[in-house]
Amino acid sequence: MARQVLITGARSVAALELARDFSAAGWEVHLADSAAARMARCSTLPVRLHRHPAPRQQGGAFRQWVRALVEEYRIELVIPTCEEVFHLAAPSLHDWLGDRLMAPSLETLRTLHDKLCFARHCQQAGLPVPESQPIESADQLATYRTTCHEWVFKPRFSRFGDRALIAPKAARFAQLCLDPAQPWMAQAYIHGEEACFYAVAHHGQLTAFSAYCSRWRMAGGASYAFEPLDASRHAKLHTLAIQLAASARLHGQFACDAIFDVNERPFLLECNPRATSGVHLLGGAGHLARAMGDGIPAPDTPPTIRYLGPAMWLLGLPTALRHARLARWWRCLRAGRDAVSSPGDRWVLVGALADAAGFALNGLLHQHSTNAATTHDLEWNGEELP
């Protein structure tokens, strides 16, 4: 009988990438989400697709659903790809799933997800991070008035770069209003070039790693094309990933935003304890399945540019035309490979566009951004979970 894996967050392209990888390794794949996940539904992959209650709004029902599905199909491994990771790591469910869950405890996830706690952990572990300070009152915020251009201001719990102010001018800084329900922080602004990495750890040992940069981004900062880093920068971030996995005793996926200063020194900025787009540089051949399921290190793979096809056409092409970057856009398209569709699995593009339209409509109906709509039923902002 084939080994059974449950991959949650089926709305994400990362989930589709992992499904392809586990299928290549011979696993029977179950995909699940609280959203329609039309992209996964349109795929020709031999997977079972399930729909569960919304983790954020129906936490108890979600936890019961997970238990029932894991028992019914004898799931060996549960892999979160989006912010449902926090709800799967709720103490009662985390204790029951044990090593079947590719995620650490909620306490560890809090340390990684809370941007200030992450910075403090890095400082204690000897990992390079910019100076980071809490902002807990209007009086504290006012102390940055004359030096605001030297800092980055952001909520400690946020995603997609939403509401972050990067080295703002005084007029923009003056418009910042604190929300008592959402703690903020200030982080020293580092001049340099941004980069990202995605990694998998198996009980504190790094088993998969990719590092990349992007010149193609949405307004909030999320990337839709992923170019592998050069060997020197890759090696520096790889070392930091090994140290972070060991210091936090990580078991699961984690990803970090970083920046290289003018002296090529890397600094870790924040962490996403879940799948990110770096998975596309590793997936497809079964290596991630072995890295996650058995702790077998994934081999180094030839660097290849990957991109999200629909976004490259719908967002990248207008950006290229507007900023006279058409030649660079075309080179990226020709040199890279689409992470959404693959030979024999092209209908996922239709599903991806339908999903995007659905989230955009949901955002309009509830008066929030499309990005916010993609996590509305999943996100976690530090509240206690049973």
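The values are calculated or read from the model by the stated rules, or taken from the named source; none is laboratory data. Quick caveat: nothing in here was measured; it's all calculated off a predicted structure. Cβ coordinates were reconstructed from backbone atoms using ideal geometry, including for glycine residues, and neighbour counts include every protein chain displayed. Accessible surface areas use protein heavy atoms only, side chains included; no ligands, DNA or RNA. Shrake-Rupley method; radii C 1.70, N 1.55, O 1.52, S 1.80 Å.
Can you compute the helix-only [θ] at 222 nm over the chain? Use -39500 (n - 2.57) per DSSP H run of at least 4 residues, normalise by all residues, nearest 500 deg cm²/dmol. Intermediate results must be reported in sequence, preceding the final value.
On the way: 15 runs with 138 residues, N = 386.
Calculated from helices alone, the mean residue ellipticity at 222 nm is -10000 deg cm²/dmol.
Could you work out the relative contact order of segment 175-239? I mean the mean sequence separation of Cα pairs under 8 Å and 6+ apart, divided by the number of residues, in percent. Walk me through the numbers on the way to the answer.
On the way: 60 pairs, mean separation 14.1, N = 65.
Once divided by the residue count of segment 175-239, the mean separation gives 22 percent.
Which lysines does Lys115 reach when only Cα atoms under 18 Å apart count, and residues fewer than 8 places away in its own chain are ignored?
In chain and number order, the partners are Lys154.
How large is the dipole of segment 144-215 about the Cα centre if only Lys and Arg carry +1 and Asp and Glu carry -1, each at its Cβ, rounded to the nearest 20 debye? List each step's numbers first, then the result.
Values: 8 positive and 5 negative charges, 43 e Å.
Taking the Cα centre of segment 144-215 as origin, the dipole is about 200 debye.
Output the direction-averaged projected area (hull surface divided by four) of the convex hull of the alpha-carbon atoms of segment 195-351, in nm².
On the way: hull surface 40.6 nm².
With the hull built on Cα positions only, its mean projection is 10.1 nm².
Please compute the net charge surrounding Ser23, taking Lys and Arg as +1 and Asp and Glu as -1 over other residues with Cβ under 14 Å from its Cβ.
On the way: positive: Arg3, Arg20, Arg48, Arg290; negative: Glu17, Asp21, Glu28, Asp345.
Overall, the nearby charge balance is 0.
If the cut-off is 17 Å between C-alpha atoms, which aspartates and glutamates fall inside it for Lys169, apart from same-chain ones fewer than 8 positions away?
Cα-Cα hits under 17 Å: Glu150.
Roughly how many percent of the accessible protein surface of segment 140-199 is carbon and sulfur, given a 1.4 Å probe and a whole-percent answer?
Values: 1730 of 3130 Å².
Taking all protein chains in place, segment 140-199 shows 55 percent carbon and sulfur surface.
At 0.36 nm per residue, and after removing the present C-alpha to C-alpha distance, how many nm does the segment from Arg331 to Asp294 gain when stretched out fully? Don't skip to the answer; put the middle values down first.
Working: separation 37, 0.36 × 37 = 13.32 nm, distance 3.78 nm.
Residue separation times 0.36 nm, minus the Cα-Cα distance, leaves 9.5 nm.
Can you tell me how much longer the chain between Ser105 and Val262 gets when fully stretched, taken as 0.36 nm per residue apart minus their C-alpha distance, in nm with one decimal? Kindly include the intermediate steps, with their values, before the conclusion.
Details: separation 157, 0.36 × 157 = 56.52 nm, distance 3.66 nm.
Full extension from Ser105 to Val262 adds 52.9 nm.
Suppose every Lys and Arg Cβ carries +1 and every Asp and Glu Cβ carries -1, with no other charges. What dipole size does segment 103-250 come out with about its Cα centre, to the nearest 20 debye?
On the way: 15 positive and 12 negative charges, 28 e Å.
So the magnitude is around 140 debye.
How large is the Kirkwood hydrodynamic radius of the chain, in angstrom, based on all distinct alpha carbon pairs?
Details: mean 1/r = 0.0468 Å⁻¹.
About 21.4 Å for the chain.
Under a point spin-label approximation (7 Å from Cα along Cα-to-Cβ), what is the Ala68-Ala174 distance to one decimal in nm?
5.7 nm
Please calculate how many Å² of accessible area the chain carries per residue, with a 1.4 Å probe and no DNA, RNA or ligand atoms counted. Kindly include the intermediate steps, with their values, before the conclusion.
Working: 17140 Å² over 386 residues.
Normalised by residue count, the accessible surface of the chain is 44 Å².
From the P(r) of segment 284-344, can you give the percent of Cα pairs sitting at distances over 13 Å? It would help to have the intermediate numbers written out before the result.
Working: 1272 of 1830 pairs.
The share of Cα pairs beyond 13 Å in segment 284-344 comes to 70 percent.
Considering the dipole of segment 45-95 built from charges on the beta carbon (Lys and Arg +1, Asp and Glu -1) around the Cα centre, which of Leu93, Thr81, Ala61 is farthest to its positive end?
Ala61
Mind pulling up the Rg/Rh value for segment 126-216? Radius of gyration and Kirkwood radius, both on Cα. Kindly include the intermediate steps, with their values, before the conclusion.
Details: Rg = 15.9 Å, Rh = 15.2 Å.
That ratio is 1.05, to two decimals.
In a GNM of the chain with a 10 Å cut-off on Cα contacts, which of Thr375, Thr108, Thr44 has the highest mean-square fluctuation?
For the chain, modelled as a Gaussian network with Cα springs under 10 Å, the answer is Thr44.
Which distance in nm do the two modelled labels at Ala360 and His203 give, with both placed 7 Å along the Cα-to-Cβ direction?
Reported label-point gap for Ala360 and His203 is 4.8 nm.
Can you order the peptides 295-304, 352-361 by their average number of other Cβ atoms within 10 Å per residue, highest first? Please list the in-between numbers first.
On the way: 295-304: 13.6, 352-361: 17.4.
Averaged packing, sorted descending, gives the order 352-361, 295-304.
For a protection proxy built on the mean count of beta-carbon atoms within 10 angstrom, sort 171-184, 316-329 highest first, please. Walk me through the intermediate numbers first.
Values: 171-184: 12.5, 316-329: 14.2.
Output ranking for 171-184, 316-329: 316-329, 171-184.
What order, most packed first, do the peptides 8-21, 109-122, 53-66, 130-143 have when packing is the mean number of other Cβ atoms within 10 Å of each residue? Write out the running numbers ahead of the final one.
Numbers: 8-21: 26.4, 109-122: 21.0, 53-66: 18.1, 130-143: 14.4.
Averaged packing, sorted descending, gives the order 8-21, 109-122, 53-66, 130-143.
I'd like to know which of Cys122, Trp184, Tyr144 lies farthest towards the positive end of the charge dipole of segment 54-185, counting +1 on Cβ of Lys and Arg and -1 on Cβ of Asp and Glu.
Going by the Cα projections, it comes out as Tyr144.
So, in nm, how far is label Leu317 from label Met218 when the simple model puts each one 7 Å beyond its Cα toward the Cβ?
Reported label-point gap for Leu317 and Met218 is 1.9 nm.
May I have the convex hull volume per residue, in Å³, for the Cα set of segment 208-274? The partial results should precede the final answer.
Working: hull volume 7.0 nm³, N = 67.
Dividing the Cα hull volume of segment 208-274 by its residue count gives 105 Å³.
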